[in-house]
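Below is one structure, written out as structure tokens; comments come after it.
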Amino acid sequence: MGAEDPPVENRPSNSDEERDENRLAQFGYKQELKRDWGLAHNFGVSFSIISVITGLSTLFSYGLNTGGPAVMSIGWIVVSFFTLLVAIAMAEIVSAIPTSGGPYFWAAMLAPPKWSAFAAWITGWFNLLGQVAVTTGISFGLANLIPTAVTVKNPDFVPTPRVTIGIYAAVLISHGIVNTFGVRVLRFLNNVSIVLHSAGITAICIAVLAKAPTHQPASFVFGKFHDGTGVDGADGWSIRASPAYLAVCGALLSQYTLTGFDASAHLSEETKKASWSAPIGVVSSVGFSAIFGFFVLMAFLFSIQDFDRVLDSAYGQPVLQILVDVAGENGALVLFTLIMVCVWHCGLFSMTSNSRMMFAFARDGGIHPFFHKVDDRFRSPIRAVWLAATLSFILALPSLGSSVAFAAATSIATIGLYISYGLPILIGMICHQSFDAMKGPFNLGGLSRIIAGAACLWISCITVVFCLPTANPVTSETLNYTVVAVGILFLGAVGSWIFWARHWFTGPAAEVAEAMRLGVDITEPGALEEREKQEQEGKVASVSPADVSS
């Protein structure tokens, strides 16, 4: 055994290791990243990025003002159901195509040859924007929580936008440094994150419920409707438009929280038994987060002591106000610090997922190949890590001049990611025969197209809803610039494709995509040519899914 070899008991069986590497080779890639993540680690990354405490803590004020407890509680149940459908549809695809590229690679493999590169280009850029915006939403949210905690003991402290941006830069740098040191550190922190997000947050919820002097009735939690979207005395959107308008906009709290589970796909090249572990990681992270998040939400809503005081908290942070009302200032700071540590871990693994996507996209020419580099010592795509940090910092700069920039960043993250999820699901539903030839062990059978259709309809709805304005009147400061950012990205991606990218961007290798569609092992010499010859001669009537799954 060499000096660098892992202990025998920690080494995967040759059959599993070879099967994973051979499967990756079928996609035209060699094993560059270290494959030592198990199912629990793969699940843990997505569970940490979904991080229900992060979404609920950073958008709790938005939820209270955009529909109140009724929309928050009922909306969580509805959103969880449809998000689980999206996750199940995605899991079937990642089981067939487990690569770091995730959605853009799926789109290329599933689309007809003529549209393969275009599908990869559009999906890749939406996924990249969504990934960057998710990291921005998480880490910028933490940058707002930190100075807010300071005001508990120092009420005269007023955090300015410049101070917040400075804290945000420090948070991003800390994430970049940890990601630079590679998978060993990340795997350890992943285990820590799972414990914090499960046992730690459960302890907080139990403590809040136990210490609360009084509890709100169920009629408050599931029936209290509040419209705080009017600015400077103006009517809110429930009056200007309708209560239904406000309710669908309020769903952003739940939908943004249940976002980022494509991380299990992006980490698939580092996961053992990826064709099974990655799809289970996708579905289980959403399922557990939906149940766990509902418990956390209920704990906070039932423990509200004074709705108006929480709504207009002196701290500007309703979750912190709930903790202070229940546990006092000192107790609240302890509990809030644990929440902030969870948010930090969430941002850390969001950057991990983001960097893997950029690494894979650079590998296929979607961004500059400079970012397709794995450090030999740390086995980490360091250049992609710092690109992710830089882009996330830039996306947060509008917050210096807009009071709604953070909510817009969360909308961009939600829309960008879900469009990138929906495109390959839609392509797989339309081109179902070629998709059937690729399916892995996670196979939905006859339910595949039904679930895919429902997932696509849901994604179409939220794409429209989260571009709508959520503050009235609509001014330059309250404008929801999500539609502007997403529109610029769409026009930029399509325009760049028409004028220059189509001349050189081929996406994943064309012969790999063709082999996948035909159910051929690309690593077998002459297999693709022979199958194409048989197709031309009419000798191949259909392709068995087992051809590529075995």
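The values are calculated or read from the model by the stated rules, or taken from the named source; none is laboratory data. All values reported here derive from a predicted model rather than from experimental measurement. Neighbour counts are summed over all protein chains in view; Cβ atoms, including those assigned to glycine, are modelled from backbone coordinates with ideal geometry. Ligands, DNA and RNA are stripped out before the accessible areas are found, and what is left, the full protein with its side chains, is counted by its heavy atoms. Shrake-Rupley method; radii C 1.70, N 1.55, O 1.52, S 1.80 Å.
Normalised by the number of residues in the range 90-160, the average gap of Cα pairs under 8 Å and 6 or more apart makes the relative contact order 18 percent. Solvent exposure of the range 58-146, expressed per residue, is 19 Å² of accessible area, with all protein chains present and a 1.4 angstrom probe. For the range 124-182, a Kirkwood hydrodynamic radius built from all Cα pairs, placed in the Stokes-Einstein relation at 37 °C and 0.692 mPa s, yields a translational diffusion coefficient of 256 µm²/s. With the convex hull drawn over the C-alpha atoms of the range 242-378, the volume per residue is 192 Å³. Summary value for the range 357-516: 24 percent relative contact order, contacts being C-alpha pairs under 8 angstrom separated by 6+ residues. Computed extension gain for PHE81 through TRP276, at 0.36 nm per residue and net of the alpha carbon distance, reaches 67.9 nm. With the simple spin-label model, which puts each label point 7 Å out from Cα in the Cβ direction, the VAL484 to LEU444 separation comes to 3.7 nm. Accessible area per residue (1.4 Å probe, heavy atoms of protein chains only) ranks GLU329, GLU477 as GLU477, GLU329, with the largest value leading.
Here, the range 40-106 has an Rg and a Dmax of 15.2, 42 Å when only alpha carbons are counted. Spatially, the range 67-86 and the range 265-307 are offset by 14 Å when compared through their Cα centroids. Counted residue by residue at 0.36 nm each, then reduced by the alpha carbon distance between them, the extension gain from GLN433 to PHE370 reaches 19.0 nm.
Protein heavy-atom accessible surface, 1.4 Å probe, per residue over the range 352-445: 34 Å².
Taking a 28 Å limit on the Cα-Cα distance, which of the listed pairs LYS153/LYS211; LYS272/LYS373; LYS153/LYS224 fall beyond it?
LYS153/LYS224
The alpha-carbon atoms of the range 99-201 define a convex hull whose volume equals 142 cubic angstrom per residue.
Peptides 101-111, 226-236, 494-504, ordered by how many other C-beta atoms sit within 10 Å of their residues on average, highest first, read 101-111, 226-236, 494-504.
Each residue of the range 314-322 was assigned a 3J(HN,Hα) from its phi angle through the Karplus curve 6.51 cos²θ - 1.76 cosθ + 1.60 (θ = phi - 60°); the sequence is 5, 7, x, 9, x, 5, 5, 4, 4 Hz, with glycine and proline shown as x. Excluding ligands, DNA and RNA, the accessible surface per residue across the range 187-245 is 53 Å² with a 1.4 Å probe. Assuming R0 = 45 Å, what is the FRET efficiency of LEU491 and LYS153, from their Cβ-Cβ distance, to the nearest 0.05? It comes out at approximately 0.40. For the range 206-254, the ratio of Cα radius of gyration to the globular rule of thumb 2.2 N^0.38 Å stands at 1.53. For the range 269-344, carbon and sulfur atoms together expose 65% of the accessible surface, with a 1.4 angstrom probe and every protein chain in place. Among 389-397, 187-195, the peptide with the highest mean count of other Cβ atoms within 10 Å heads the list, and the full ranking is 389-397, 187-195.
Sequence-distant contacts, meaning Cα pairs under 8 Å at least 6 residues apart, place the relative contact order of the range 373-466 at 24 percent. Taking only the Cα atoms of the range 173-233, the ratio Rg/Rh comes out at 1.25, with Rh defined as the Kirkwood radius.
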